[in-house]
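The values are calculated or read from the model by the stated rules, or taken from the named source; none is laboratory data. As the structure is a prediction and not an experimental result, all values here were calculated from the model. Cβ placement follows ideal geometry from the backbone for every residue including glycine, while neighbour counts extend to all protein chains displayed.
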Amino acid sequence: GQSLEQPSEVTAVEGAIVQINCTYQTSGFYGLSWYQQHDGGAPTFLSYNALDGLEETGRFSSFLSRSDSYGYLLLQELQMKDSASYFCAVRDQRGSYIPTFGRGTSLIVHP
Amino acid sequence: EAGVTQFPSHSVIEKGQTVTLRCDPISGHDNLYWYRRVMGKEIKFLLHFVKESKQDESGMPNNRFLAERTGGTYSTLKVQPAELEDSGVYFCASSHGTVAYEQYFGPGTRLTVT
């Protein structure tokens, strides 16, 4: 079967750096996405990694290691507004961009 | 540019009733997806339209769910008759064909079946 594992909750303080890990077991793998969702809001696309390595977009970076079936989202210079749920999602079918989502990690940023 | 919009934002219905959810994707996005999230669980795929055609409906739970996409523009998802387990948040998303992995989600419709 397919499964994605990510921590259910992570807490950190403003200004800190936090890493949210995601491990996956899927029948196929073509890419890993990250989405952010604030309470009651729409999931917002953050990043997509198809190849190994680190992708940086401002304060957020996403990493992928296909050999380890592992990725992470790195958030730097944390701000209160970063408090949200973060979902990793795997694209597991060639020719299809339908993601399989993890259960999400609730990030709580304290002052 | 307007984002993905969904209507209604909330719906409370009784078991056995019918509800129709609507999604307006971003203009020009051929791909339209429906997802559902039951409280505390993962976001699950329901189906995918490319323009007006159903590309993949493998996630539709049963024949009580019917999705349409008229003229390749807006889409509706009808649940008839609704059951208690249908409660959850229904998200719609759209994407452009050339950047299909970047999906834009709507705010969701929170459906409660009592």
Does any residue of region A:43-62 turn out to be closer than 25 Å to B:His96 by Cα, in contact with a helix residue (DSSP H, G or I) (Cβ under 9 Å, 6 or more places away or on another chain) and part of a loop (DSSP other than H, G, I, E, B)? no
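Within region A:1-21, can you find the residues that are hydrophobic (A, V, I, L, M, F, W, C), touching a Leu at 6+ places or on another chain (Cβ under 6 Å) and in a strand (DSSP E or B)?
Our first condition is that a residue be hydrophobic (A, V, I, L, M, F, W, C); within region A:1-21, this holds for A:4, A:10, A:12-13, A:16-18, A:20.
Filter once more, so that each one left must be touching a Leu at 6+ places or on another chain (Cβ under 6 Å): A:10, A:12, A:16, A:18, A:20.
Of everything in region A:1-21, those that are hydrophobic (A, V, I, L, M, F, W, C), touching a Leu at 6+ places or on another chain (Cβ under 6 Å) and in a strand (DSSP E or B) turn out to be A:Val10, A:Ala12, A:Val18, A:Ile20.
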So if I check each of A:Ser96, A:Ser67, A:Ser106, A:Ser62, which one is within 29 Å of B:Arg110 (Cα to Cα), out of contact with any His (no Cβ under 6 Å at 6 or more places or on another chain) and touching a residue at least 12 places away in the same chain (Cβ under 8 Å)? A:Ser106
Looking only at region B:18-31, and only at residues there that are closer than 22 Å to B:Glu85 by Cα and either in a strand (DSSP E or B) or without any contact (Cβ under 8 Å) to a residue 60 or more places away in the chain (or both), the one that is nearest to the other protein chains (Cβ to nearest Cβ): B:Cys23
Looking across region A:33-45 at residues that are more than 10 Å from every other protein chain (Cβ to nearest Cβ) and either more than 23 Å from B:Pro8 (Cα to Cα) or over 12 Å from the mean Cα position of the chain (by Cα) (or both), the single one that is surrounded by the most Cβ atoms within 10 Å (Cβ to Cβ) is A:Trp34
Taking region B:27-85 and keeping only residues that are among the β-branched types (Val, Ile, Thr) and either more than 26 Å from A:Phe87 (Cα to Cα) or at pLDDT 95 or above (or both), one is left with B:Thr70, B:Thr73, B:Thr76, B:Val79
Restricting attention to region A:64-91, and to residues there that are surrounded by 20 or more Cβ atoms within 10 Å (Cβ to Cβ) and over 16 Å from A:Gln19 (Cβ atoms), which single residue is nearest to the other protein chains (Cβ to nearest Cβ)? A:Arg91
With the condition kept exactly as written, say whether any residue in region A:33-54 is closer than 28 Å to B:Leu46 by Cα, at pLDDT below 95 and acidic (Asp, Glu). yes
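Only residues that are at pLDDT below 95 and of a type outside the set (Gly, Ala, Ser): list them for region B:1-25, please. Break it down stepwise before answering.
Of all residues in region B:1-25, those at pLDDT below 95 come to B:1-3.
B:Glu1, the sole residue that qualifies.
I'd like the residue in region B:86-114 that is aliphatic (A, V, I, L, M) and either within 11 Å of chain A (Cβ to nearest Cβ) or more than 14 Å from the chain's Cα centre (by Cα) (or both) and, out of all such residues, is farthest from B:Ser9 (Cα to Cα). Give the derivation first.
Within region B:86-114, the subset aliphatic (A, V, I, L, M) is B:89, B:93, B:99-100, B:111, B:113.
Next cut, either within 11 Å of chain A (Cβ to nearest Cβ) or more than 14 Å from the chain's Cα centre (by Cα) (or both) only: B:89, B:93, B:99-100, B:113.
Details: B:Val89: 9, B:Ala93: 15, B:Val99: 27, B:Ala100: 26, B:Val113: 14 Å.
By that ranking, first place goes to B:Val99.
Would you confirm, using the coordinates I've provided, whether B:Lys15 is within 14 Å of chain A (Cβ to nearest Cβ), assigned to a loop (DSSP other than H, G, I, E, B) and basic (Lys, Arg)?
no
When you look at A:Glu5, is it of a type in the set (Asp, Glu), within 13 Å of chain B (Cβ to nearest Cβ) and touching a residue at least 40 places away in the same chain (Cβ under 8 Å), yes or no?
Numbers: of a type in the set (Asp, Glu): yes; within 13 Å of chain B (Cβ to nearest Cβ): yes; touching a residue at least 40 places away in the same chain (Cβ under 8 Å): yes.
The answer is yes for A:Glu5.
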